[in-house]
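Have a look at the structure below, then the notes.
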Amino acid sequence: NGLRKIEKIFLRNNKIGKKIQKTILQNLPQLNEIILENNEIVELDDDAFLGTHKLRILDLSNNKIEVIRENWFNGLKLLIKIDLKSNLIRYIDKYSFKDLSSLEETLTINNQKLTYLIPYSFSGLRILKTLQCSKNTLSK
C-alpha cells in the first residue's frame with residue numbers, strides 16, 4: 001500500500017457521504033490526523049478507525065451524523081481531540097468514548113439536537129480538560 005506512511009489526511013468540503021466503512025482507513029498505521037469536516041457523513045462502521053492506532057486528531061464536524069455508536073472509536077487510545085460540532089446528533093450510546101483514555105484536549109459536540117445525555121455516555125474520558133456541549137436543547 002503506497003499510503004502506509006501518510007500522517008495527515010484533509011478531506012474538508014467534499015461530498016463524502018453516508019457511511020465511512022472500516023476498510024477505507026485500514027493500513028494507515030502512521031495516520032495521526034484526519035479532517036473530514038463539512039461532508040455528508042451520516043454514520044461510521046464499528047471499528048472504522050481500526051488500524052489507525054496513532055490517530056491523535058479527528059474532525060467530523062459539519063456532517064449529518066445523528067447517533068454516536070459505542071464501537072466507532074475503538075482502539076483510538078492516543079486520540080487527544082475530537083470535533084463533532086454541527087452535526088445532527090440526537091443520541092450518544094453509553095460507553096461511546098470508552099477507549100479514549102488519552103482524550104485530554106477537547107471533545108466538541110456543540111450545535112446538535114441533543115436533549116439529554118444518558119449515564120455513562122462519557123465513560124472513559126478520565127483526563128478530558130474541555131467538553132464543549134453548547135447550543136443543544138439539553139434538559140437533563
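Structural remarks
- The residues listed here are Ile68, Ile109; of these, the one that is in contact with a Cys (Cβ under 6 Å, 6 or more places away or on another chain) and either open to solvent by 70 Å² or more (accessible area, probe 1.4 Å) or at pLDDT 95 or above (or both) is Ile109.
- Close Cβ contacts (under 9 Å, 6 or more residues apart or on different chains) running from residues in the range 124-140 that are among the hydrophobic types (A, V, I, L, M, F, W, C) to residues that are in a strand (DSSP E or B) and open to solvent by less than 40 Å² (accessible area, probe 1.4 Å) comprise Leu125/Leu107; Leu128/Thr106; Leu128/Leu107; Leu131/Thr106; Leu131/Leu107; Leu131/Thr108; Cys133/Leu107; Cys133/Thr108.
- Residues in the range 93-108 that are in a loop (DSSP other than H, G, I, E, B) and either touching a residue at least 40 places away in the same chain (Cβ under 8 Å) or not hydrophobic (A, V, I, L, M, F, W, C) (or both): Asp93, Lys94, Tyr95, Ser96, Lys98, Asp99, Ser101, Ser102, Glu104, Glu105.
- No other residue among Ile24, Ile92 is open to solvent by 80 Å² or more (accessible area, probe 1.4 Å) and β-branched (Val, Ile, Thr) apart from Ile24.
- Lone unmet requirement of (1) at negative phi; (2) open to solvent by 40 Å² or more (accessible area, probe 1.4 Å) for Tyr120: (1)
- The range 113-131 - residue that is closer than 19 Å to Lys77 by Cβ and of a type in the set (Lys, Arg) and, of those, modelled with the highest pLDDT: Lys129
- Test: residue in the range 53-63 that is farther than 15 Å from Cys133 by Cβ, open to solvent by less than 40 Å² (accessible area, probe 1.4 Å), among the acidic types (Asp, Glu) and touching a Gly at 6+ places or on another chain (Cβ under 9 Å): no
The values are calculated or read from the model by the stated rules, or taken from the named source; none is laboratory data. For clarity, every value in this text was computed on a predicted model and none was experimentally measured. So basically every Cβ, Gly included, is an ideal-geometry build from the backbone, and we count neighbours across all protein chains shown. We work out accessible area using only protein heavy atoms, side chains counted, and drop any ligands, DNA or RNA first. Shrake-Rupley method; radii C 1.70, N 1.55, O 1.52, S 1.80 Å.
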